[in-house]
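FYI, it's all coordinate maths here, none of it is from the lab. What you see is a predicted model; the values in this text were computed from it and never measured. Neighbour counts are summed over all protein chains in view; Cβ atoms, including those assigned to glycine, are modelled from backbone coordinates with ideal geometry.
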Amino acid sequence: RVPVAIMISGRGSNMAALVEASRAPDFPAEIVLVLSNRPDAKGLETASAAGIATEVIDYRGKGSRKAFEEGASSAIERSGAEIICLAGFMRLLSPGFVERWHDRLINIHPSLLPAFPGLNTHERALEAGVKITGCTVHFVRAEMDNGPIIVQAAVPVSHKDTAETLAKRVLAVEHRVYPLALRLVATGRARLVGDRVFIDEDVTDLPALA
Ligand code: GAR
């Protein structure tokens, strides 16, 4: 099983979904570390309760990025993790960190990228009046919420939705899609060819996940 570290900043529900999936005996990845940049992240308690090792690397403010990233990379290397999953990790990572973990760093974002990168995703989707949104798991590149797409799933938008109701509907799908994406990456079935991901199996029924 491939050792995996998860980086969080808050609630950690996607982290919990990955931990839960990894309990299945045939799951190809094992969560060896949950790392937070915030000591008050709710997800830290969830991870500890699940018996997963946790670490907090808490450097804030100006000039703290280098210290944070060095601390994070060392902790992750010490854990033996070979893949990093960002799961609601809300701090920007420098090109140096992204390069160091090139093709081993994946992220989940609550929209159908390249639409609506960044913050306040659901508010912006509602303002744009889109009728379908969703979530994306992708390999991380230096530009925020950008990089080769591994898996996406679609979620319908209702005119009655608020950002909260939409976030909830998308989140439920995120919890199914992220374990699937990690499974594909950990088994080598999601292969990078240039800047696109080829999946070595038929996953055309994936949108049915939503
Ligand atoms: C999730 O919806 C995730 O997709 C999003 O933050 C939420 C974290 O929830 N991430 C981003 O917006 C990254 N740009 P969680 O902590 O319960 O997993």
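Give the relative contact order (percent, whole number) for the chain; include only Cα pairs under 8 Å separated by 6+ residues.
Values: 401 pairs, mean separation 39.1, N = 210.
So the answer I get is 19 percent.
Dividing the convex hull volume of the Cα atoms of region 107-210 by its residue count, what figure in Å³ per residue is obtained? Mind showing how you got there, number by number?
On the way: hull volume 9.4 nm³, N = 104.
Spread over its residues, the Cα hull of region 107-210 gives 91 Å³ apiece.
Would you list which lysines come within 16 Å of residue 160, measuring only between C-alpha atoms, while excluding same-chain residues fewer than 8 positions from it?
Leaving aside lysines fewer than 8 places away in the same chain, those within reach of residue 160 are 131, 168.
In nm, to one decimal, how far is the residue 58 label point from the residue 103 one, both placed 7 Å along Cα→Cβ?
If labels sit at residue 58 and residue 103, their model points lie 3.8 nm apart.
Expressed as a rounded percentage, what relative contact order does region 95-167 have, with Cα pairs under 8 Å and six or more residues apart? Don't jump to the answer; show the numbers that get you there.
Values: 119 pairs, mean separation 24.6, N = 73.
Value for region 95-167: 34 percent.
Region 15-79 to region 117-142: how many Å between their Cα centroids?
24 Å
Which one, 173, 79, 7, is farthest towards the positive end of the dipole of the chain when Lys and Arg carry +1 and Asp and Glu -1 on their Cβ?
Working it through, the farthest residue towards the positive pole turns out to be 7.
So for region 1-77, what are the equivalent ellipsoid semi-axes in whole Å, largest first, each being the square root of 5 times an eigenvalue of the Cα gyration tensor? Before the final figure, lay out each step's value.
On the way: eigenvalues 114, 39, 14 Å².
The equivalent ellipsoid of region 1-77 has semi-axes of 24, 14, 8 Å.
When the dipole is taken about the Cα centre of region 69-132, and only Lys, Arg (+1) and Asp, Glu (-1) are charged at their Cβ, what size is it in debye, to the nearest 20?
Working: 6 positive and 8 negative charges, 39 e Å.
That gives region 69-132 a dipole magnitude of about 180 debye.
If you count the DSSP beta bridges with both ends in the chain, what percent of them are antiparallel, to the nearest 5?
Values: 15 of 32 bridges.
Taking every DSSP beta bridge with both residues in the chain, the antiparallel ones total about 45 percent.
Using the C-alpha atoms of the chain, what convex hull volume per residue, in cubic angstrom, is computed?
Working: hull volume 25.5 nm³, N = 210.
Per-residue hull volume (Cα only) is 121 Å³.
Please name which of 94, 118, 155 has its Cα lying farthest along the dipole of region 65-172 towards the positive end, using unit charges on Cβ (Lys, Arg +1; Asp, Glu -1) and the Cα centre as origin.
The residue sitting most towards the positive pole is 155.
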